[in-house]
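Data first, discussion second: the structure below is written as C-alpha cells.
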Ligand code: GDP
C-alpha cells in the first residue's frame, strides 16, 4: 500500500509546526494546508479535505497549543479522529447469519475485481461455517462464467451459470431457486459490469435486484482509481441500494483516499479490502488500523 508516503508528509508538516517558536493561527493554517495537500494527493476528495480542516480548526484550541502541550499529538489526534469519523457512516451493514438464508448482490465496474471478490467473500464465510453458493449473472463479459466457475471450483463452492442464456435475471432467479433448495445460507449474485458508468448497466442492476431482493448490495471499487472514486460510488448508490463497500487492489497503487470517498458517497461502510489476486488476500476492514496505516 502506498500509504506510508502520506504519513511521512503529515509528520513533516507537524514537525515544522512544532519547530515554530510561536504557534499562532498562521502557523496552524500553514500546517493544515500542508496536511490537506498530502491528503488530496492521497486521493481524498477535495471537499472532504476542506471539511476536515474546518472541523480540526474548531476542535484544536490555539491556547492549548501555545501553552506548551504536545502540539504534534494534539493535531495528529484531531486528524486521526476526523479520518475515523469520515469512515464511519453511522450504521453497520447487514451481517449474514449462519443458517439464515441471505442473498448478497455484488455490483461494480468491469475490472474492479468483482468476480474475484465474490469468491473471496464466499470463501471467507465458508471458513466460518457458512454454506455459500455463487451465481454468475454476468452475461455481458465473455468468459465471466468460466472465471467464476474456475474460482468456485478451486474453493469448493457450488456455482450456477449458463453459457447460452443471455438474460441475467433468468439466471439469477434459477440460481436462487437451485441454492435455496440446497439450503445454502449465503447466496452470492455476481452481476455484469461495464467499462464505464452507463445507463444499460444500471438498468440491468435494477432488474436483477428486483428479481432477487438482495439482503445486501455490495459495491466493489478498485482502490487505485484516484479522485474518480466519489463520482463512481455515487453513481452506483443512486442506481442500486448499496449497503456496503469492498475496496480492491489495496496491495497496488491505491493510496487509501478512495475508501473515504466511497463511504461518503454511499453512506455505507467499507467491510473488506482486497490485498491481492489470491482467494485469501482479503481482509476485514477495520477503521482505526486503516487510518493508523494511512497516517504512518
Ligand atoms: P471484474 O471484471 O470486476 O469481475 O474483475 P475481476 O474479478 O475479473 O478482476 C480484474 C483483475 O483484477 C483480475 O486480474 C484480478 O485478479 C485482479 N484483482 C482483483 N482483486 C484484486 C486485488 O485485491 N489485488 C490485486 N492485485 N488484483 C486484484
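Expressed as a rounded percentage, what relative contact order does the chain have, with Cα pairs under 8 Å and six or more residues apart?
On the way: 559 pairs, mean separation 73.9, N = 296.
About 25 percent, as a whole number.
Taking label points 7 Å from Cα along the Cα-to-Cβ direction, residue 73 and residue 227 give a separation of 3.7 nm. What would the Debye equation give as log₁₀ I(q)/I(0) for the range 159-212 at q = 0.12, 0.16, 0.19, 0.30 Å⁻¹, counting only Cα atoms as equal point scatterers? With no solvent term, the Cα-only Debye profile gives -0.29, -0.50, -0.68, -1.26.
Once the gyration tensor of the Cα atoms in the range 68-123 is diagonalised, the equivalent ellipsoid follows with semi-axes of 38, 17, 10 Å, ordered largest first.
How large is the convex hull of the C-alpha atoms of the range 32-151 per residue, in Å³? Each step should come with its number before you reach the end.
Numbers: hull volume 20.2 nm³, N = 120.
Convex hull of Cα atoms, per residue: 168 Å³.
Can you tell me what percent of all Cα-Cα pairs in the chain are more than 25 Å apart? Looking at the chain, the distances longer than 25 Å represent 50 percent of pairs.
Averaging sequence separations of C-alpha pairs under 8 Å and six or more residues apart, then dividing by the length of the range 37-176, give the relative contact order as a whole percent.
Details: 99 pairs, mean separation 21.0, N = 140.
Worked out over the range 37-176, it gives 15 percent.
Note that the range 1-101, at 4 °C in a medium of 1.567 mPa s, gets a Stokes-Einstein diffusion coefficient of 86 µm²/s from its Kirkwood radius over C-alpha pairs. The range 231-265 and the range 74-127 have Cα centres separated by 10 Å. Taking other C-beta atoms within 10 Å as the exposure proxy, 239, 93, 213 rank 213, 93, 239 from fewest upward. Each pair of Cα atoms in the range 192-255 enters the Kirkwood radius, and Stokes-Einstein at 10 °C and 1.306 mPa s then converts it into a translational diffusion coefficient of 126 µm²/s. Secondary structure note: in the chain, about 15% of the DSSP beta bridges are antiparallel. Using only alpha carbons, the range 142-285 has a radius of gyration to Kirkwood radius ratio (Rg to Rh) of 0.96.
For Cα pairs less than 8 Å apart in space and 6+ apart in sequence, what is the mean separation divided by the residue count of the range 103-224, i.e. the relative contact order in percent? Relative CO of the range 103-224 lands at 45 percent.
Calculate I(q)/I(0) for the range 109-195 by the Debye formula, one identical point scatterer on each C-alpha and no solvent, and give its log10 at q = 0.27 Å⁻¹ to two decimals. Evaluating at q = 0.27 Å⁻¹ gives log10 I(q)/I(0) of -1.43.
Treating the angle as unsigned and between 0 and 90°, give the value, to the nearest 10°, between the Cα long axis of helix 229-239 and the longest Cα principal axis of the chain. The angle comes out at about 40 degrees. Working note: 222 nm ellipticity from helices only, DSSP H runs with n ≥ 4, each -39,500 (n - 2.57), summed and divided by the residues of the chain, gives -16000 deg cm²/dmol to the nearest 500.
Taken together, the values in this text are just the output of simple stated rules run on the coordinates, not laboratory data. Quick caveat: nothing in here was measured; it's all calculated off a predicted structure. With ideal geometry, Cβ positions are generated from the backbone for all residues, glycine too; neighbour counts draw on all protein chains shown.
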